[in-house]
Amino acid sequence: MSKVAVIGSGNVGATTVQRLAELNIADIVMVDIVEGLPQGKALDILQAAPLVGYDVDVIGTNDYADIFDSDVVVVTAGIARKPGMERDDLLATNIKITQQVCANIEKYAPDAIIMTVTNPLDIITYAALRCTQFDRNRVFGMSGLLDSSRFASFIAKEMNCSVRDVNAMVLGGHGDSMVPLPKYTTVAGIPLNKLMDENTISKIVDRTINAGAEIVGYMKNGSAFYAPSAAIAAMVEAILKDTKRIVPASAFLNGEYGQHDICLGVPVKLGRDGVEEIIELELSSQEMEALQISANAVREGIEKISP
């Protein structure tokens, strides 16, 4: 049986553990610094197993030693956004948390693949890569798949069609500068611009960019976790089952899309070795410009954490 470690037992972490358990693909350990919290949530999830039908082990712990021999480590630890906060406002606190987490991953699960979820996502992913010095294929961030899912859900709502027929693509940083790509978004294989006028597409793109903030605005003291956990589980499944799924994720670029020494959302092939390939799409000059603006925003954050 494979093993997955989830760092953090807040809403994102605990819901991720629940979704992974229901996939029945790995034993799971949930780690948190708060005594009793991961133990209680793990026990609650485990006790649902006879009702739901999964047959994996789920444990909660405050001891990082329990992540030993994990195949994948999902990092959700960090503070969440509150109304009025930008993702980058979380930077200083969450960088410190990430550095502590990565030191423990290096110590106890040095062969694991790391998926970051903590915001600001692309900068945290870059920090995790630099902290661990793992090969670039083994450290990446969950971002574009979530943003693409949000884009797809809004399209399906507008079209009054099944979400299963929508394939959406979002590139760039996981923030206000993300780059939804209508050109590479289809409904049952039909290009989006054949089904909607430009004004409608533009409104959906804007809502996608602000989707996370919209949820924060409603919840006041929390942020999204149902959709993020679903994206995490889908990506973990692609790795453990070696399905070679092509999804957008925050990956380290070394020349791809004209970018160097940065983690940015791009389409990747996910398999047993993590990011097994970065796929370069043909972009228009306008799309490349938007991607460059997004990269510049991420670089500003990276410069803040660079020595």
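Bear in mind that the values in this text are calculations on the coordinates, not laboratory data. These figures come from a predicted structure and were not determined experimentally. Note that each Cβ is placed from the backbone with ideal geometry, even for glycine, and that neighbours are counted across all protein chains shown.
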Signed unit charges on C-beta, dipole axis of the chain, positive-most listed residue ALA290, MET115, VAL74: ALA290
Computed over region 2-141: relative contact order in percent, which uses C-alpha pairs under 8 Å that are six or more apart: 23 percent
At q = 0.14 Å⁻¹, base-10 log of I(q)/I(0) for region 2-141 (Debye sum, equal scatterers on each alpha carbon): -0.60
Volume in Å³ per residue [convex hull over Cα atoms, computed for region 144-305]: 133 Å³
The chain: angle of helix 226-240 to the longest principal axis, Cα-based, in degrees nearest 10: 80 degrees
Lys/Arg +1, Asp/Glu -1 at C-beta; region 2-141 dipole; positive extreme among ALA103, VAL52, ASN62: ALA103
The chain: relative contact order in percent, alpha carbon pairs under 8 Å with at least 6 residues between: 17 percent
Unit charges on C-beta of K, R, D, E only; dipole of region 12-105, Debye: 440 debye
Within region 242-285, trypsin sites (Lys or Arg not before Pro) in DSSP loop having at most 15 other beta-carbon neighbours inside 10 Å: LYS244, ARG272
Spatial separation of Cα centroids for region 111-169 and region 22-80, in angstrom: 21 Å
Cysteines without a disulfide-compatible partner [the chain; Cβ-Cβ under 4.7 Å]: CYS161, CYS263
On Cα atoms only, tilt of 285-305 relative to the major axis of the chain in degrees: 30 degrees
Positive-pole candidate from SER223, LEU195, ILE239, dipole of region 144-305, charges at beta carbon: SER223
Spatial extent of region 185-234: Rg and Dmax, with the Cα atoms as the point set, Å: 14.3, 40
